[in-house]
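*Asks:* Next up is a structure, given as C-alpha cells.
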Amino acid sequence: MLRVMIVEDEPLVRRGILSMLPFARFEMELAGEAETAEAALKLIEQTPIDLVFTDISMPGMGGIELLRVLKEKHSHIRSVVLTCHQDFDFLQQALRLGAIDYIVKTQLDDDSVLDLLKRIADQFAQAARDGKREGIAAADTTDHEAFAHRWCALKWFVDKSEYETIMGLSLHGFQTFGFKAILQRAQEQWIISCPSLEELQSLKPLLDSKESMPELKEWIETTRQKARTLLRNTMYSEEVVQSIITSVDMLNDHAGDKLTQTEICKAINMSISYFSKSFKEIVGIPFVAFVQDLNIRRAKALLESTNYPVYQISEQSGFHDEKYFGKIFRQKTGCSPSEYRLLFRGNA
C-alpha cells in the first residue's frame, strides 16, 4: 500500500478533498494529515510516507518551499500539488521540485479524481517494474531542464531531425503534466525570441485544454506547421530561414556574453549586410533591438534573483557602460535598475 499524506491548512477543504479520494481502490492509504508544512515535515520524520498531496498557499512555509525540502531531505517522497487555479508558473516550479501531478480544487469531480489516482498508481507501478523508485517522475530535474531548453529554442521548427528526436524522447520520458508545463513555458519563449511568430499565441487556449500525450503531440504538430508557414511567408529560402533561426538560438544561449554580429555572421556563413536585412524580416525586429531586449531581460532576471551591484549586472548583461545600461533600462522599463529591484521585491 502507498502511504499518503495530505497537507492543507483549511480543515473543511481537507475533509472535502479526502472524502473524494478513494485511496483504497488504488492500493493507497491515508497515513497522515497536516495543517502546515512545518507540521508535515515533523510527521514525515516519524511516519513512513510515499506520497504527499500539498496545498500551494499556506501560512508559514508554502507548498513550493515544502517541495524543495522534500527534494533535498526526503527525495523518495513524491508529491501532488493542490491549487485553486491553473497557475502554470507555480506548477512549473512544482514540477522541477518533483511534483508528479496536480489537482485544481475548484474543478474536482469523480471522473477527474479517478483519472488522477490511476495516473499516480500507474507511475508507481511502472517505477516498481523498472526497479528504480527514483524513476517515478519520468525525468529528473536535469532532464527536465535540458528538454525545456530544447523545446524553448526555435531549431525544432526548421530542423526535422531535431523535432523528431525531442518529440520521441519527450513522449517516452514525460507524463502529461510535466510535458504540458514545459510547452506552456516554451510557448512564451518562442514569441519573445521571434516576434514574427506572434500568431502562435492564438494556439494557447488549445494547449490549455489538452489532457493527454497524444493530444499534446497533435498540438505540437499544428504549432510547428503554423510556425513554418509564418517563416516561409517571409519569402526567404529554407536555408536562409534556418540560418537566421540558428542565430536567434545562439543569441539566447549566449545572453550577456557580448556576442557580436560579426561572430554570428561568421558562424552561419552570411554577410553582415544580408544578415541584418534578413534577420529583421524573418524575426520581426532589427538585430540591435533584439540584442538590447535580450540583455534587458537578462538584467531583470539578475536584479530579481541576486544582490549583485548594478555595475556588475550591467557587465553580465552584455553592456559595456553602466550609464548606457541605465539609460536603456529606463527606456525599456520606465524605471532605473535599482528602482526595478525595489519594486520587484516589494511585490514579491
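The values are calculated or read from the model by the stated rules, or taken from the named source; none is laboratory data. All figures in this text were calculated on a predicted structure; none of them were measured in a lab. When we count neighbours, we look across all protein chains shown, and the Cβ atoms used for this are built from the backbone with ideal geometry, even at glycine.
*Asks:* Determine which member of the set PRO309, PRO286 is at pLDDT 95 or above, under 20 Å from LYS258 (Cα atoms) and surrounded by fewer than 16 Cβ atoms within 10 Å (Cβ to Cβ).
*Replies:* Values: PRO309 fails: at pLDDT 95 or above.
So the residue among PRO309, PRO286 that is at pLDDT 95 or above, under 20 Å from LYS258 (Cα atoms) and surrounded by fewer than 16 Cβ atoms within 10 Å (Cβ to Cβ) is PRO286.
*Asks:* Here's a follow-up. Among the listed residues LEU114, LEU91, which satisfies the condition of being out of contact with any Leu (no Cβ under 8 Å at 6 or more places or on another chain), at pLDDT 80 or above and part of a helix (DSSP H, G or I)? First the steps, then the outcome.
*Replies:* Details: LEU91 fails: at pLDDT 80 or above.
Just one listed residue meets the conditions, LEU114.
*Asks:* On the given criteria, is THR246 polar (S, T, N, Q), touching a residue at least 12 places away in the same chain (Cβ under 8 Å), part of a helix (DSSP H, G or I) and under 30 Å from GLN175 (Cβ atoms)? Step through it out loud before you land on a result.
*Replies:* Values: polar (S, T, N, Q): yes; touching a residue at least 12 places away in the same chain (Cβ under 8 Å): yes; part of a helix (DSSP H, G or I): yes; under 30 Å from GLN175 (Cβ atoms): no.
When the stated conditions are applied, THR246 does not pass them.
*Asks:* Quick one: how many residues across the stretch 49-63 are among the β-branched types (Val, Ile, Thr), in a loop (DSSP other than H, G, I, E, B) and either out of contact with any Ser or Thr (no Cβ under 7 Å at 6 or more places or on another chain) or farther than 11 Å from TYR102 by Cβ (or both)? Give the derivation first.
*Replies:* Let us first name the residues in the stretch 49-63 that are among the β-branched types (Val, Ile, Thr), namely 49, 52, 54, 56.
From what's left, in a loop (DSSP other than H, G, I, E, B): 49, 56.
Next, only the ones that are either out of contact with any Ser or Thr (no Cβ under 7 Å at 6 or more places or on another chain) or farther than 11 Å from TYR102 by Cβ (or both) stay: 49.
Going through the stretch 49-63 one residue at a time, the tally reaches 1.
*Asks:* Restricting attention to the stretch 224-238, which residues are free of Cβ contacts under 8 Å to residues at least 24 places away in the same chain and in a helix (DSSP H, G or I)?
*Replies:* Within the stretch 224-238, GLN225, THR229, ARG232 qualify.
*Asks:* Do we have GLN201 as modelled with pLDDT under 80, in contact with a helix residue (DSSP H, G or I) (Cβ under 7 Å, 6 or more places away or on another chain), surrounded by fewer than 20 Cβ atoms within 10 Å (Cβ to Cβ) and over 30 Å from GLU29 (Cβ atoms) here?
*Replies:* Numbers: modelled with pLDDT under 80: no; in contact with a helix residue (DSSP H, G or I) (Cβ under 7 Å, 6 or more places away or on another chain): yes; surrounded by fewer than 20 Cβ atoms within 10 Å (Cβ to Cβ): yes; over 30 Å from GLU29 (Cβ atoms): yes.
Taking the combined requirement at face value, the residue does not satisfy it.
*Asks:* While we're looking at this one, here's another question. What about ILE192, is it at pLDDT below 95, part of a helix (DSSP H, G or I), out of contact with any Ser or Thr (no Cβ under 7 Å at 6 or more places or on another chain) and over 28 Å from ARG119 (Cβ atoms)?
*Replies:* Working: at pLDDT below 95: yes; part of a helix (DSSP H, G or I): yes; out of contact with any Ser or Thr (no Cβ under 7 Å at 6 or more places or on another chain): yes; over 28 Å from ARG119 (Cβ atoms): yes.
When the stated conditions are applied, ILE192 passes them.
*Asks:* What are the residues in the stretch 277-322 that are in a loop (DSSP other than H, G, I, E, B) and among the small types (Gly, Ala, Ser), if any? So that I can check it myself, show each step before the final result.
*Replies:* Going through the stretch 277-322, the residues in a loop (DSSP other than H, G, I, E, B) turn out to be 284-286, 306-309, 317-321.
Matches in the stretch 277-322: GLY284, SER317, GLY318.
*Asks:* Another question, if that's okay. Which of (1) over 23 Å from the mean Cα position of the chain (by Cα); (2) crowded, with 18+ Cβ neighbours inside 10 Å; (3) without any contact (Cβ under 8 Å) to a residue 40 or more places away in the chain; (4) within 22 Å of ILE192 (Cα to Cα) does ALA299 not meet, given it meets every other one?
*Replies:* ALA299 satisfies all of (1) over 23 Å from the mean Cα position of the chain (by Cα); (2) crowded, with 18+ Cβ neighbours inside 10 Å; (3) without any contact (Cβ under 8 Å) to a residue 40 or more places away in the chain; (4) within 22 Å of ILE192 (Cα to Cα) except (1).
*Asks:* A further question on this structure: What are the residue pairs meeting all of these: first residue in the stretch 174-203, first residue more than 15 Å from ALA94 (Cα to Cα), second residue charged (D, E, K, R), Cβ atoms under 6 Å, and 6 or more apart or on different chains?
*Replies:* ILE191/GLU198
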